[in-house]
Every structure is written in structure tokens, then in C-alpha cells.
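As C-alpha cells, the structure follows; a few thoughts come after it.
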Amino acid sequence: MLARDFILWLSTKPSVTNMIARRGMKNGFARRFIAGETLEEVLTACASLCTEGRTISLNHLGENVSTEAAANKVFETYVHLLEQLHDRKLPGNISIKLTQLGLAVGREFCENLAHQIARRAHELHRTIEIDMEGSAYTDVTLDIFEAVQRASANAALAIQAYLYRSENDLKRLEPLRPKIRLVKGAYREPKNIAFQEKSAVDANFKRLTTQLMEGAARGTFFPAIGSHDPAMAAYAQAEAARLHVPQDKYEFQMLYGIRRDLQDQVFREGNPVQVYVSFGTDWCPWFMRRLAERPANCWFVLRSLLAERKA
Ligand SMILES: Cc1cc2nc3c(=O)[nH]c(=O)nc-3n(C[C@H](O)[C@H](O)[C@H](O)COP(=O)(O)OP(=O)(O)OC[C@H]3O[C@@H](n4cnc5c(N)ncnc54)[C@H](O)[C@@H]3O)c2cc1C
């Protein structure tokens, strides 16, 4: 826990993040998790995943956009991504963050852009997924998701197992028959709203998996199990079998470059796998959260930086 907190704290220090950002792509350590900085690079990486039978969700890295002009640019990028997926016949969708779509500019402004993206996706017979960010945004993200799902019926939402509120949030969302990406949660949250211990988060992840699978058996949820934890994957498969939920009524989601062995294993066992592929030049905060999840990842960053010093 201490290492995680320390890395999340470092991720707010520009002197650290700038140094990592300058060297990450050059030294290669960032490439393990980030498929590339340009659309061409990422689509090349995705084509081979798709040939193997995976689907993809494309995320253009960046968060906390504070001007209308910048949010409109992000909007155009996402529409372009949807059109590229369509033109290249790649199976998949896009994942968006509302803070990137101008939530700080205004709720209405952001909701309007989210509606337009979902509508364009609908025209192309595609879906969109909305990431869940820090707890300051949970309520507004749920509200905007509900509005978009009511209007276009092609949106999915991430729900975080570390938050105490998530069971009730799922009850609220169930009438909309949504796809829900269940994740443990990647931000630093206080103990009055979130479980702090890994064992407690894991236990809640299992409870919410059961809640989602029960919904899948009734036809009201499409569960997407977003975890690299083999215990969570095994639990989800056991619950699906117990509740007679067929394998095409749920999926696993994992991040590009992480636990490729587990990705292969669940895929070989007949489960659909969607890979969340992040790309873009603004990758540092996202990369730091991946380091915080697994401080052992810091070693390959350090090794890479030390190797450069020696050279
Ligand atoms: C598809 C997807 C989408 C996500 N979307 C969101 C979102 O919208 N909002 C949000 O808050 N969080 C999101 N997350 C992140 C999530 O909340 C967790 O922080 C992250 O997935 C780590 O938790 P875990 O379930 O993989 O298991 P953990 O218990 O953290 O780890 C289990 C095992 O997985 C492996 N592992 C986990 N992380 C790493 C890593 N970084 N590098 C190498 N190995 C690793 C290790 O073997 C580890 O022992 C998403 C995760 C996924 C997979």
C-alpha cells in the first residue's frame, strides 16, 4: 500500500513525470503498456490482436481538459477513431474519459459531446465505453452515462469495486440493460468511501461479479470482467457456469501488454477477450497508475534509466 501511495503521489510531481515522459518512449519501457503515440502505430498493433480473435477498445490518452477548444479536439479524435475502426473493419470500440471531453468546462457541454460520439458510433454500428475516474466525478459520470444510454443504447460504463457505493450503483443502472466493465479501481480514495485493503476490494469484486452474472442470467447486464487477477477470472467463470450464463453473454477485458499469459489462457478457454489499448503522446499519468498497481514494474523503468546513464 505504501509503495502504491508513493507512486501515486509521485505521479502528481511534474519534475518526475516530465523526466519519465521524455525518456519513456525513447528507452522503450513505456511501450510495454502503450501501443504507440500515433494512430498508425496503434492500429498496426491492434490489427494483429484482432487477427487472433480479440476485440479492442481504443483509448486516446489524456485527462482533465480545461478549454472548449481542447475538448472539441478530443471529440474529433474519437469520432475519427470510430471511423477508422469502421473503415479498417477492426472489431472494437472506443473508451472515453469525461474529464477529457470537457467536464471541467461544463456538464452540459460535456454531455452534449458524449451524446454526439454515441450517436456517431450508433450510425457505424459501434459502441462506446465510459471510463470511471476519481470519486469527485462518480455522480456526474453515472448521470451522463444514463442519459447517453437512454438515448443511444450503445454505451458501457466502468464500475469500481473499491467504492462502497458500487452495489447500489449497479442496482440503479440495471434497468438500462447496460454492459458494465467491473474493475478494482485505480485512484487513491479515502477510507470513508472506499475499501483500502486488497482482500476487501477482492471480496467486493467477487460480490459485484455475482450481482452482474445474476443480471446476465436475467438478460439485464452484460458483464465485462476488467481484471488481470487470475482469482477474479476463475471466480467469474465459475459464477457464469453456476448461473448458466453462456460465454457469449459476458467478456473479459484486460489492458494492452499486461498479463498476456492470462489473456491467452481465458481466450483459449473460449471466453471473449477485449483488450483496452491506450495510445497518444499524453501517456504519463496513465503509465504511473500502472506502475502503482504493481510496484515491481518500477524495476524495469529503473533498469532502463540506469542503462541509459551508463551508456
Ligand atoms: C480493461 C480495463 C479497464 C480499466 N478501466 C478502469 C477505469 O475505467 N477506471 C479505473 O479506476 N480503473 C480502471 N482499470 C484499472 C483497474 O481499476 C485496476 O487498477 C487494474 O486493473 C489492476 O487491478 P487488477 O484487477 O488487474 O488486479 P490486481 O489485484 O491489482 O493485480 C492482480 C495481478 O495482475 C497483474 N497486474 C495487475 N496490474 C498490473 C500491472 N500494472 N502491470 C503488470 N501486472 C499487473 C499482476 O500479476 C497482479 O498480481 C481498468 C482495468 C482494465 C483491465
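Considering only residues in the stretch 1-29 that are open to solvent by 60 Å² or more (accessible area, probe 1.4 Å) and among the polar types (S, T, N, Q), the one that is modelled with the lowest pLDDT turns out to be N18. The residues on offer are L98, L113, and the sole one that is out of contact with any Lys or Arg (no Cβ under 6 Å at 6 or more places or on another chain) and under 30 Å from R207 (Cα atoms) is L98. For the stretch 250-283, the candidate set comprises residues that are in a loop (DSSP other than H, G, I, E, B) and out of contact with any strand residue (DSSP E or B) (no Cβ under 6 Å at 6 or more places or on another chain); within that set, the residue that is nearest to A217 (Cα to Cα) is G270. Summed over the stretch 181-227, the residues that are among the hydroxyl-bearing types (S, T, Y) and either closer than 23 Å to M288 by Cα or open to solvent by 30 Å² or more (accessible area, probe 1.4 Å) (or both) give a count of 3. Count of the stretch 191-210 residues, restricted to those that are part of a loop (DSSP other than H, G, I, E, B) and of a type outside the set (V, I, T), is 5. Taking the criterion of being within 16 Å of the ligand (Cβ to nearest atom) and over 18 Å from the mean Cα position of the chain (by Cα), the only residue of the stretch 29-47 that qualifies is F29. Of all residues in the stretch 106-139, those that are closer than 22 Å to Y276 by Cβ and in a helix (DSSP H, G or I) total 11.
Each row is one residue, and each column tells you yes or no for (1) farther than 23 Å from A161 by Cβ; (2) at pLDDT 95 or above; (3) touching a Pro at 6+ places or on another chain (Cβ under 9 Å); (4) acidic (D, E).
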{"site": "K89", "(1), (2), (3), (4)": "yes, no, no, no"}
{"site": "N93", "(1), (2), (3), (4)": "no, yes, no, no"}
{"site": "V105", "(1), (2), (3), (4)": "yes, no, no, no"}
{"site": "I144", "(1), (2), (3), (4)": "no, yes, no, no"}
{"site": "Q149", "(1), (2), (3), (4)": "no, yes, yes, no"}
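Quick check: is even one residue across the stretch 228-249 crowded, with 21+ Cβ neighbours inside 10 Å, in a strand (DSSP E or B) and in contact (Cβ under 8 Å) with a residue 24 or more places away in the chain? Taking every residue of the stretch 228-249 in turn, none turns out to be crowded, with 21+ Cβ neighbours inside 10 Å, in a strand (DSSP E or B) and in contact (Cβ under 8 Å) with a residue 24 or more places away in the chain.
Screening N112, N93, N154 for residues that are open to solvent by 20 Å² or more (accessible area, probe 1.4 Å) and polar (S, T, N, Q) leaves exactly one candidate, N112. Residues in the stretch 156-190 that are over 16 Å from I144 (Cα atoms), hydrophobic (A, V, I, L, M, F, W, C) and either in a helix (DSSP H, G or I) or in contact (Cβ under 8 Å) with a residue 40 or more places away in the chain (or both): A161, L182, V183, A186.
When the stretch 276-301 is limited to residues that are more than 7 Å from the ligand (Cβ to nearest atom) and at pLDDT below 70, the one that is surrounded by the most Cβ atoms within 10 Å (Cβ to Cβ) turns out to be V301.
Could you list, in sequence order, the residues of the stretch 118-142 that are over 15 Å from I180 (Cα atoms) and open to solvent by 40 Å² or more (accessible area, probe 1.4 Å)? Within the stretch 118-142, R119, R120, H122, E123, H125, S135, A136, Y137, D139 meet the criteria.
Within the stretch 46-59, residues that are free of Cβ contacts under 8 Å to residues at least 60 places away in the same chain have Cβ atoms under 7 Å from residues that are assigned to a strand (DSSP E or B) in these pairs: C50/I56, counting only partners at least 6 apart in sequence or on another chain.
Filtered by the rule that a residue be farther than 12 Å from N271 by Cα, more than 10 Å from the ligand (Cβ to nearest atom) and of a type in the set (A, V, I, L, M), the stretch 224-240 gives a lone residue, A238.
The values are calculated or read from the model by the stated rules, or taken from the named source; none is laboratory data. Everything numeric in this text was worked out from a predicted model, so none of it was measured. Positions of Cβ are generated from backbone atoms using ideal geometry, with glycine treated the same way; all protein chains shown enter the neighbour counts. Quick note on the areas: whole protein, heavy atoms, side chains included, nothing else; ligands and nucleic acids left out. Shrake-Rupley method; radii C 1.70, N 1.55, O 1.52, S 1.80 Å.
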